[in-house]
Ligand SMILES: Nc1nc2c(ncn2[C@@H]2O[C@H](COP(=O)(O)OP(=O)(O)OP(=O)(O)O)[C@@H](O)[C@H]2O)c(=O)[nH]1
Ligand SMILES: [Mg+2]
Ligand SMILES: [Zn+2]
């Protein structure tokens with residue numbers, strides 16, 4: 001499976017005519033950076049295998065034994081210590097506090113919080129133009145989690161070549177742009193919108209999120225030509241999970257970092273309370289409601305009016321509220 005692979009990188013270096021490195025040996029530059037305890041950035045997590053960027057080199061660096069119980073996720077800033085012997089690897093000895101986190105739970109009844117990406121500036125929710133409805137429900141969930149975790153949410157409606165009528169996409173754009181959501185429309189097949197997507201991610205750390213088959217890895221491969229991520233044979237209907245690990249790569253033309261993630265079936269918000277939900281729905285947070293800690297769910301005197309929020313967004317809010325209360329799916 002294509003991913004950042006130290007051995008493959010070493011092969012490339014050999015082809016470059018640079019001196020070949022033996023076994024696990026680090027370059028002197030990387031070793032010097034590690035010895036200075038320079039902060040490294042986690043760029044790949046594939047099951048237990050963690051790769052970090054130190055300076056401009058990617059090296060494998062598992063968690064040190066003393067870090068048992070800690071997890072490192074893509075985007076984490078870490079300190080690593082040098083290998084203790086010839087066969088050893090550098091090891092992560094500290095995960096620095098995270099500025100932002102994008103988390104989800106398995107479903108709304110669970111509190112098994114998993115971090116998808118740390119320290120990203122924005123999450124780009126990829127929707128399939130030919131499966132918009134399921135995508136929008138997913139988007140509403142990600143927007144809440146991103147707001148809680150301190151990231152911006154943007155949208156990329158991909159697979160636009162597969163739909164003749166673009167009005168539903170434009171209608172959605174009109175619903176979400178006023179909420180501060182940047183909106184892009186792309187096709188990984190025709191190349192439509194790729195330049196605009198590139199500008200969206202310029203200069204920052206972005207992570208893709210979306211259902212399986214919406215085209216995250218296809219877009220990633222266009223934005224990071226050397227990525228060669230495996231893409232699925234079918235689209236969102238197949239539900240096949242092609243990508244199984246998260247990986248960050250640099251987009252040098254716009255100095256951006258982009259994270260490809262595995263598709264997820266559900267985006268649970270199981271650690272949130274109804275109050276959190278109300279606070280992280282921007283239309284509701286902006287309400288001038290005089291009631292303390294109101295969740296705008298029929299309380300007498302609540303300022304919620306139908307003018308304040310799109311009916312579909314209100315319906316979505318009420319569905320999420322019910323689901324968090326364990327009332328309905
Ligand atoms: N027609 C069309 N097909 C696309 C487009 N983008 C992706 N596809 C196809 O959709 C399928 C799924 O694409 P992937 O890039 O693997 O999707 P993914 O979101 O990475 O899926 P997971 O890794 O499973 O989460 C592949 O067959 C792609 O060729 C597009 O813009 N138009
Ligand atoms: Mg993928
Ligand atoms: Zn209220």
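With farther than 23 Å from residue 162 by Cβ and free of Cβ contacts under 8 Å to residues at least 60 places away in the same chain as the only criterion, which of 202, 207 stands out?
Just one listed residue meets the conditions, 202.
Name the residues in region 236-291 that are within 16 Å of ligand 3 (Cβ to nearest atom), buried (at least 20 other Cβ atoms within 10 Å of the Cβ) and in a loop (DSSP other than H, G, I, E, B), would you?
Result: 281, single match.
Just checking, does region 305-317 include any residue being near ligand 3 (Cβ under 8 Å from one of its atoms), over 17 Å from residue 144 (Cα atoms) and assigned to a loop (DSSP other than H, G, I, E, B)?
no
In region 216-231, which residues are modelled with pLDDT under 85 and within 19 Å of the chain's Cα centre (by Cα)?
Residues satisfying the conditions are 227, 228, 229, 230, 231.
State whether one or more residues within region 89-104 are under 17 Å from the mean Cα position of the chain (by Cα) and surrounded by fewer than 16 Cβ atoms within 10 Å (Cβ to Cβ).
The answer is yes; a qualifying residue exists.
For region 203-226, indicate whether the set of residues that are more than 30 Å from residue 110 (Cα to Cα), more than 15 Å from ligand 2 (Cβ to nearest atom) and touching a helix residue (DSSP H, G or I) at 6+ places or on another chain (Cβ under 7 Å) is non-empty.
yes
Given the conditions (1) surrounded by fewer than 21 Cβ atoms within 10 Å (Cβ to Cβ); (2) in a loop (DSSP other than H, G, I, E, B), which single one is not true for residue 222?
(2)
Among the candidates 224, 181, 169, 189, which residue alone is more than 10 Å from ligand 1 (Cβ to nearest atom) and over 26 Å from residue 280 (Cα atoms)?
224
Taking region 146-164 only, how many residues are more than 16 Å from ligand 1 (Cβ to nearest atom), touching a strand residue (DSSP E or B) at 6+ places or on another chain (Cβ under 6 Å) and in a helix (DSSP H, G or I)?
2
The values are calculated or read from the model by the stated rules, or taken from the named source; none is laboratory data. These numbers were taken from a predicted model, which means no experiment stands behind them. Note: ideal-geometry Cβ built from the backbone for every residue, glycine included; neighbour counts use all protein chains shown.
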